[in-house]
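**Q** I have a structure I would like to understand better, so I am pasting it below and will then ask my questions one at a time.
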Amino acid sequence: MRTKPVDRIVAEGGHGEGGELRRSMSLLQLTLFSVGATLGTGIFVVLGEAVPKAGPAVVLAFVLAAVTALFSALSYAELAGTIPVSGSSYSYAYATLGELVAWVCGWCLLLEYAVSVSAVAVGWGSYLNEFLEKAGAGTMPAAVSGPPGDGGLLNLPAVVVVVFAALLLLRGTSESARANTIMVFLKIAVLLFFCAVAFTAFRSGNLSPFAPMGWAGISAAGSKVFFSYIGFDAASTAGEEARNPRRDLPLAIVLSLAIVTAVYVLVGLAAVGAMHWTRFSLSGSEASLALVLDQATGRAWPSMILSLGAVVAIASVVLTVMYGQTRILFAMSRDGLVPHVFQRVSPRRAVPVANTVIVAAFIAVLAAAVPLGRLVDATSIGTLFAFALVSLGVIVLRRTRPDLPRGFRTPLYPLTPLIGIALCVYLMVGLGSVTWIVFALWTLAGLVAYFLYGRRHSRLAAETSGVPGRGPR
């Protein structure tokens with residue numbers, strides 16, 4: 001239950017083995033990093049699975065998930081402005097709830113980031129096939145274009161986009177941020193193009209009945225589409241590379257969530273208005289927006305443009321979420337809880353090279369072999385758990401360190417973080433029993449890893465106990 005002093009966490013920021021991270025990211029780049037990590041995961045990939053659960057009321061499911069994310073985002077904003085380091089909620093938990101809870105939080109973030117990247121990479125492959133088919137080039141062979149659950153043997157396109165993102169990250173943070181900015185603007189333009197075309201085929205009758213499954217359906221779809229809000233906290237993982245972290249991190253988190261929510265609701269309404277909700281379950285395609293345009297226009301070129309835009313734009317999600325994953329492992333390694341190879345920084349590039357390569361390899365294997373649906377649910381439950389811990393961390397830090405300078409203070413305290421915790425628990429309950437079993441097994445594996453390695457190599461443990469030989473190896 002030992003906690004790491006906030007002053008020490010902040011003082012260690014940016015320092016790794018062999019070099020330092022550079023403070024190069026502006027408010028715009030931080031905001032677009034969070035938008036890039038968020039926008040696309042739900043709309044491009046998960047919408048087709050959520051609509052059959054709620055019908056046209058999937059729009060309300062997006063709002064429910066957005067409200068849940070908002071309460072968590074306000075807590076994130078306060079802690080990001082107070083503890084501006086790379087570890088995100090892992091570091092916040094270490095400062096407030098203790099080492100064991102921080103480890104479990106970090107372990108859940110590994111699930112959130114690595115698995116969400118894998119899921120998005122799978123969706124990227126679907127849109128690539130959609131584009132190739134519309135362009136008359138055919139599709140990639142099943143043996144290399146889909147995971148085992150979808151009848152294939154290996155999802156090669158998913159591996160390709162992960163490798164592309166890794167190579168870009170290895171070039172440096174500034175280069176990655178610039179590439180992400182371009183891809184985010186392209187992604188927003190593509191989604192606005194979708195809305196413009198889909199609204200030409202809008203039929204009010206498609207919205208009736210609005211909520212065929214009632215509130216239970218909206219709630220179930222809300223748990224599913226919460227996956228689409230994962231990533232708004234990406235800016236908090238850049239705490240050690242932001243130029244003005246105390247001011248910019250809270251602003252970036254709240255602004256990115258507002259932008260993403262507006263786009264999701266608009267696209268969701270356009271989709272269910274253009275195509276009857278019952279047809280989503282018959283599509284059998286993860287490229288659901290392209291199907292909507294096919295049905296709405298009867299022509300191939302609109303969906304071809306959308307698919308091409310998705311191929312480019314979803315790559316930004318892979319890029320930014322992989323970035324966040326490497327920075328969280330960087331912080332955990334600096335504390336001795338994972339091997340020190342994850343904190344080695346290249347003096348020339350100012351990036352953790354070995355960390356990036358290891359993460360990319362793990363994600364590529366996962367994306368190549370695991371079906372999309374399993375990835376989405378496993379990611380959501382790990383994320384909701386981490387978000388609940390962040391809200392709890394705000395309450396604890398307000399009581400234990402009220403003197404700390406805060407770049408942002410959560411409004412209506414303590415009501416806001418308490419509601420955030422309650423909503424996270426509510427959406428977790430809405431997930432299936434298989435997902436809970438996977439989460440329990442993942443957590444158990446994390447506890448085993450902590451007691452076998454993390455607890456024995458913890459730098460904080462070595463300093464507080466004075467036992468020689470402890471600390472990172």
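What follows is calculated from the coordinates using simple rules that are stated; it is not laboratory data. Everything numeric here is computed off the predicted structure, so don't read it as measured data. FYI the Cβ positions are ideal-geometry reconstructions off the backbone, even for glycines, and counts take in every protein chain you see.
**Q** Measuring from label point to label point, each 7 Å out along Cα→Cβ, what is the A216 to R299 span in nm?
**A** For the pair A216/R299, the computed spacing is 4.4 nm.
**Q** Could you go through region 413-423 in sequence order and give the Karplus-derived ³J(HN,Hα) for each residue, using 6.51 cos²θ - 1.76 cosθ + 1.60 with θ = phi - 60°, rounded to whole Hz, and x for Gly and Pro?
**A** 5, x, 4, 4, x, 5, 5, x, 4, 4, 5
**Q** From the phi of every residue in region 328-341, what ³J(HN,Hα) in whole Hz does the Karplus formula 6.51 cos²θ - 1.76 cosθ + 1.60 yield, where θ is phi - 60° and glycine or proline is x?
**A** 5, 5, 4, 5, 5, 5, 4, 8, x, 7, 10, x, 5, 4
**Q** Considering amide H positions built from the backbone, and no H for Pro or chain starts, which residues 5 or more places from G336, or on another chain, come under 5 Å of its amide H?
**A** Those qualifying (amide H under 5 Å, at least 5 residues apart or on another chain) are R459.
**Q** So what is the calculated 222 nm ellipticity per residue for the chain, using -39500 (n - 2.57) for each DSSP H run with n of 4 or more, over all residues, to the nearest 500 deg cm²/dmol?
**A** It lands at -22500 deg cm²/dmol.
**Q** Right, another one. Between V434 and V67, what is 0.36 nm times their sequence separation minus the Cα-Cα distance? Round to one decimal in nm.
**A** 129.5 nm
**Q** Can I ask one more? Tell me, what HN-Hα J-couplings in whole Hz come from the Karplus equation 6.51 cos²θ - 1.76 cosθ + 1.60 at θ = phi - 60° for each residue of region 384-394, using x for Gly and Pro?
**A** In residue order, the calculated couplings are 4, 5, 5, 4, 4, 5, 5, 4, 5, x, 4 Hz.
**Q** A further question on this structure: Label 7 Å along Cα→Cβ of L415; region 61-88 residues with amide nitrogen under 19 Å?
**A** 67-76, 78
**Q** Considering amide H positions built from the backbone, and no H for Pro or chain starts, which residues 5 or more places from S346, or on another chain, come under 5 Å of its amide H?
**A** Counting only residues 5 or more places away or on other chains, the set is V351, V353.
**Q** Using the per-residue mean of other Cβ atoms lying within 10 Å as a proxy for protection, in what order, highest first, do the peptides 80-92, 434-446 fall?
**A** My ranking of the peptides, most packed first, is 80-92, 434-446.
**Q** When only Cα pairs under 8 Å and 6 or more residues apart are kept, what is the percent relative contact order across the chain?
**A** 32 percent
**Q** Order the peptides 195-208, 245-258, 343-356 from the highest to the lowest mean number of other Cβ atoms within 10 Å of their residues. Working shown, then result.
**A** Working: 195-208: 14.6, 245-258: 23.3, 343-356: 19.1.
The densest-packed peptide leads the list: 245-258, 343-356, 195-208.
**Q** On to the next question. With 10 angstrom as the radius, rank V272, V318, V63 by how many other C-beta atoms surround their C-beta, starting from the fewest.
**A** V63, V272, V318
**Q** Can you give the extra length, in nm with one decimal, that the chain gains between T464 and R399 once fully stretched, where that is 0.36 nm per residue apart less the Cα-Cα distance?
**A** Details: separation 65, 0.36 × 65 = 23.40 nm, distance 2.33 nm.
The span from T464 to R399 would gain 21.1 nm if fully extended.
**Q** While we're looking at this one, here's another question. What is the spin-label model distance, in nm, from S281 to R2 if the labels are put 7 Å beyond Cα along the C-beta direction?
**A** If labels sit at S281 and R2, their model points lie 5.5 nm apart.
**Q** Give me the extension gain from R247 to V448: residue separation times 0.36 nm, minus the current Cα-Cα distance, reported in nm with one decimal.
**A** Net length gain for the segment: 68.5 nm.
**Q** Return the FRET efficiency for the residue pair A11, S204: r is the Cβ-Cβ distance, R0 is 56 Å, and the value is rounded to the nearest 0.05. Kindly include the intermediate steps, with their values, before the conclusion.
**A** Details: r = 59 Å, r/R0 = 1.06.
So the FRET efficiency works out to roughly 0.40.
**Q** Would you work out the Kirkwood radius for region 152-256? I mean one over the mean of 1/r across all pairs of different Cα atoms, in Å.
**A** 18.0 Å
**Q** Right, here's the next one. Once you compute Rg and the Kirkwood Rh from C-alpha atoms, what is the Rg to Rh ratio for the chain? Please report the intermediate quantities before stating the final value.
**A** Working: Rg = 21.4 Å, Rh = 22.1 Å.
Reported Rg/Rh, Kirkwood definition of Rh: 0.97.
**Q** H340 to A258: FRET efficiency via 1/(1 + (r/R0)^6), r the Cβ-Cβ distance, R0 51 Å, to the nearest 0.05?
**A** 0.85
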